[in-house]
Amino acid sequence: MSKEESRKERKNKDKPSDSADEQDAATQEPQQQASISAGVEPLQDTDEGQATGQATDKKRWNYPHISQKWLRFSEVIFAGAVCIFTGVGVLVARWQTRVMVEQNEILRQQIAQADAFNRRSIEDAEKSAEESADSAKKTLAEVQGIGRKLLQAYVSIEGIQVKADEMTDQFIITMVIVNDGITRAHDVSVTTGTTYGPLSYQGPFETISPQSAIKMVLGPAGQFTSVFMLDISDARRKALKNGEGVLWIFGRITYRDDFGSQRYTEYRHYYDGKAGAVLAAPDGNRTDHAGEADPEATPQASK
């Protein structure tokens, strides 16, 4: 082959590359114009331009639709949103803490009120129980008192008679002592005294010596008769018969009932010789049948 033919073949081979360069130039020209209109400098066909183009292509590949400006703005917006949500979370947490503290305080107050109410209820219950117990004791005592009054012994003087013995110049004094109760009377002791005086006589009334005292057990509805002799002169007898003074007969009965209580009966009568009768004195007759305390425990009565 000649040299001319080889030159022609080379030219033919180089023509397509020239046409390709022309096509690339034609393609890049509109892109450069668009870049210029957008305010971006066109890339130079240099090694530095090629490196910059490769970096730009890489960024565009990583964020294909977002520019660097909008990316920074989005990061700021995201950081602000995170701060806002964090602040809101802190406020919510503080509010919840405050609510929990208030609820705990309310719960504590309710517990304290319930505790105080329970204490008051217990105190009221204890007070009511004590009052009920006291009332029950009083009722029981009243019932027992009524029962004792119904069942206890009642020893008293049923009657006194005075009769003159013409042969011995003495008065025969007969006293009938009776138990009107339905239980026994224990250690019944009777002391008696006599004295002369006017009907207005107010004392003293002294009983006879303890040697003349009587002690016995008197059953329900039981009675016994006590008889003793009283020496009297003719002058005294005539004075009594003429109504010049009276013969005072008095004494005291003591006994113990079935319930263990010590009881007493005091009596005072006078003999009117002119009327020939024994009458009860207007005062000086008393008994503890109504629950009175013994005003004077006579030593003679206990012996």
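The values are calculated or read from the model by the stated rules, or taken from the named source; none is laboratory data. In this text, all values refer to a predicted model and were calculated from it rather than measured experimentally. A quick note on method: Cβ atoms are made from the backbone with ideal geometry, for glycine too, and the neighbour counts reach across all protein chains shown. With ligands, DNA and RNA removed, areas are computed over all heavy atoms of the protein, side chains included. Shrake-Rupley method; radii C 1.70, N 1.55, O 1.52, S 1.80 Å.
How far apart, in nm, are two points set 7 Å out from the Cα along the Cα-to-Cβ line at residue 199 and at residue 73?
14.2 nm
What is the gain in length, in nm to one decimal, between residue 133 and residue 84 on full extension, counting 0.36 nm per residue of separation less the C-alpha to C-alpha distance?
The residue 133-residue 84 span can extend by a further 10.5 nm.
Between residue 95 and residue 118, what FRET efficiency comes out of the Förster formula 1/(1 + (r/R0)^6) with R0 = 41 Å and r the beta carbon distance, rounded to 0.05?
0.75
Compare the Cα positions of 239, 152, 129 along the charge dipole of the stretch 115-267 (+1 at Cβ of Lys, Arg; -1 at Cβ of Asp, Glu; about the Cα centre) and return the one farthest towards the positive end.
Of the candidates, 239 comes out farthest on the positive side.
With an 8 Å Cα cut-off and a minimum separation of 6 or more residues, compute the relative contact order for the stretch 227-290 in percent.
Taking the mean separation of contacting Cα pairs over the length of the stretch 227-290, I get 28 percent.
Between residue 158 and residue 104, what length comes free when the chain is fully extended (0.36 nm per residue of separation minus the Cα-Cα distance, one decimal in nm)?
11.0 nm is the gain from fully extending residue 158 to residue 104.
Can you tell me the dipole magnitude for the stretch 118-242 around its Cα centre, using point charges on the Cβ only (Lys, Arg +1; Asp, Glu -1), in Debye to the nearest 20?
I would put it at about 120 debye.
Are there GluC sites (Glu not before Pro) in the stretch 135-215 that DSSP marks as loop and that have at most 14 other Cβ atoms within 10 Å, and which are they?
166, 206
Please give the solvent-accessible surface of residue 283 in Å², to the nearest 10, using a probe radius of 1.4 Å with every protein chain present.
For residue 283, the solvent-accessible surface is approximately 80 Å².
For residue 140, what accessible area in Å² do you get when you roll a 1.4 Å probe over the heavy atoms of the protein chains, rounding to the nearest 10?
Approximately 100 Å² of residue 140 is accessible to the 1.4 Å probe.
Between residue 215 and residue 259, what length in nm is gained on full extension when 0.36 nm per residue of separation is reduced by their alpha carbon distance?
Separation in residues times 0.36 nm, less the Cα-Cα distance, equals 14.0 nm.
Heavy atoms only, probe 1.4 Å: what % of the accessible area of the stretch 91-192 goes to carbon and sulfur, would you let me know?
The value for the stretch 91-192 is 56 percent carbon and sulfur by accessible area.
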